[in-house]
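Engineer: Submitted below is the structure of interest, expressed as structure tokens.
The values are calculated or read from the model by the stated rules, or taken from the named source; none is laboratory data. Just so it is clear, the model here is predicted, and its values are computed rather than measured. Please note: Cβ atoms are built from the backbone with ideal geometry, for glycine as well, and neighbour counts cover all protein chains shown. Keep in mind that these areas ignore ligands, DNA and RNA; they rest on the heavy atoms of the full protein, side chains included. Shrake-Rupley method; radii C 1.70, N 1.55, O 1.52, S 1.80 Å.
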Amino acid sequence: MNIHAFVDEGLGNSSYLVDLGDGRALVVDPSRDSRPYVEAARRHQLDVAFAGDTHLHADFLSGSRQLAADGAQIVAPADGDRAFPHRGLHDGEEFDLGGLTLRALATPGHTLEHVSFLLLEDSKPLALFTGGALLVGAVARTDLVDPGRTEELARQAYRSLHQRILVLPDDLPVYPTHGAGSFCSAPAGAERSTSIGRERASNPVLAARSEDAFVAMLVASLGSYPTYFRRLAEANRRGPRVLRPWPSLVQLDAGEVRTRLDDGAVAVDVRPIEDYAAGHIPGALSIALRPAFATWLGWLVDSTQDIVFIAGADQDRDDLVSQALKIGYEKLAGELTGGMAAWRAAGYPERRIDLVSAAELRSSAVVDVRQTARGTSPARCTENLDPWPALGICPMDR
């Protein structure tokens, strides 16, 4: 059995293509852009027959419906009440994969309907896909369903771990969905996969001596999270719209961009901060295109607004579109053709901003707009929580 991991460095998540040994494959917790899974399956001469979601994700739109449009059967927790065709699994229920078996283990905590998928051959456990129930050195946060139920769900997470997961063999490989850099992780670790025994021995959250101690430790580690998290679980329950063909950016001339902005669209400049500082459309947000682009887009921009992008000549438009669509941003009005040179040539105004190094700071008033990031490691702070991109004042931490 081969398991191929797909890591989203920006959101800090992993999804998995599982070779079932009969020419078919299962994808666990796919992201909305299903093309990487389909292409990898084709390279390995596999057909994607099944798509499994461990829970209603808050940080990305599931790609299960995209894969289902190509013939895959969706498997998901029965308690998720999804509004589209799928096979809902209850606790302990098994699903035949054609030689291998997928067993659902109810592991609420991160979400109410959460299940972990135990993959078996006959009765032998082969792998456990834990979603957010057990991570590398951590567990997923419990405040996303309802902040008022954070402690209640933390207690459910404790029981899920001790009654459903830690009773499994120590040598069982564990494949979590959330990991380093994920705002669903509390706190985040650097590695992506682990084993039951390793987590039993080294996971600091599992070392809590009581349920109360576990809850106190977990709740104390919770920081803020992007505002778009509040709407994606419901979007995943309803089912993301299937996109055929995969969209690309419409090209807009300077006059069309000006009209769109006058009509209420927001300009998002994805060029490096140095280019933005040298000249940008007045009012444009600077969110440089990088792995964490989707997180900042979801934090700063209203998903109901039309978005016009300003990009550099060598930037990856397909990556830009995919990052926007995976968090449910579909109102992509287009891109300024020719970039800022075309804007200037049309005679429209632009703004500039000075960038200063730490050594050049002269003012005694310095405002640090980064998060406090309670309970997180310095590595995570520098990876995802760099200075507020719309300001671009001092690139000390970039």
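Engineer: Check which residues have an amide H placed less than 5 Å from residue 31's amide H, if you skip close sequence neighbours.
Structural biologist: 63
Engineer: While we're on this one: Give me the base-10 log of I(q)/I(0) for the chain at each q in 0.08, 0.14 Å⁻¹, Debye formula, one uniform scatterer per Cα, rounded to two decimals.
Structural biologist: For the chain, the Cα-only Debye profile gives -0.45, -1.20.
Engineer: If eta is 1.002 mPa s and T is 20 °C, what Stokes-Einstein diffusion coefficient results for region 178-322, Kirkwood Rh from Cα pairs, in µm²/s?
Structural biologist: Value of D from the Cα-based Kirkwood radius: 114 µm²/s.
Engineer: Over the chain, with every protein chain in place, what whole percent of the accessible area is carbon and sulfur at 1.4 Å, could you tell me?
Structural biologist: The computed percentage sits at 49.
Engineer: So if I average 1/r over every pair of distinct C-alpha atoms in region 1-160 and take the inverse, what Kirkwood radius in Å does that give?
Structural biologist: Here the Kirkwood hydrodynamic radius works out to 15.9 Å.
Engineer: Report, in debye and to the nearest 20, how large the dipole of region 27-127 comes out about its Cα centre when Lys and Arg carry +1 and Asp and Glu carry -1 on their Cβ.
Structural biologist: Magnitude of the dipole: close to 340 debye.
Engineer: Report, for the chain, the % of DSSP beta bridges that are antiparallel, rounded to 5.
Structural biologist: Close to 55 percent.
Engineer: Taking all pairs of distinct Cα atoms, average 1/r, flip it, and tell me the Kirkwood hydrodynamic radius of region 107-263 in Å to one decimal place.
Structural biologist: 17.5
Engineer: Using a basic spin-label model with each label point 7 Å from the Cα along Cα→Cβ, how many nm lie between residue 5 and residue 101?
Structural biologist: 2.8
Engineer: Which listed residue (267, 250, 233) has the Cα farthest towards the positive end of the charge dipole for region 199-324, taking +1 on Lys and Arg C-beta and -1 on Asp and Glu C-beta about the Cα centre?
Structural biologist: It is 233, whose Cα lies furthest towards the positive end.
Engineer: Let me ask you something else. List the trypsin sites (Lys or Arg not before Pro) in region 205-290 that DSSP assigns to loop (not H, G, I, E or B) and whose Cβ has at most 12 other Cβ atoms within 10 Å. Which are they?
Structural biologist: For trypsin sites (Lys or Arg not before Pro) across region 205-290 that sit outside H, G, I, E and B with at most 12 neighbouring Cβ atoms in 10 Å, the list reads 209.
Engineer: With charges only on Cβ, +1 for K and R and -1 for D and E, what is the dipole size of region 154-288 about its Cα centre, in debye, rounded to 20?
Structural biologist: In debye, rounded to 20, region 154-288 gives about 680.
Engineer: Once amide H atoms are placed 1.01 Å from N in the peptide plane, what residues at a sequence separation of 5 or more from residue 312, or on another chain, have their amide H within under 5 Å of its amide H?
Structural biologist: 271
Engineer: Using only alpha carbon pairs under 8 Å that are at least six residues apart, calculate the relative contact order of the chain and give it in whole percent.
Structural biologist: Worked out over the chain, it gives 14 percent.
Engineer: When the helix-only estimate is applied to the chain (DSSP H runs of n ≥ 4, each -39,500 (n - 2.57), divided by the residue count), what is the mean residue ellipticity at 222 nm, nearest 500 deg cm²/dmol?
Structural biologist: -6500 deg cm²/dmol
Engineer: A further question on this structure: Taking θ as phi - 60°, what are the ³J(HN,Hα) couplings along region 63-73 by the Karplus curve (6.51, -1.76, 1.60), each to the nearest whole Hz, with x for Gly and Pro?
Structural biologist: Result, ordered by residue: x, 4, 5, 4, 5, 5, 5, 9, x, 6, 9 Hz.
Engineer: Sticking with this one: Magnitude of the Cβ-charge dipole of the chain, K/R +1 and D/E -1, about the Cα centre, nearest 20 debye?
Structural biologist: With only Lys, Arg, Asp and Glu charged at Cβ, the dipole is about 300 debye.
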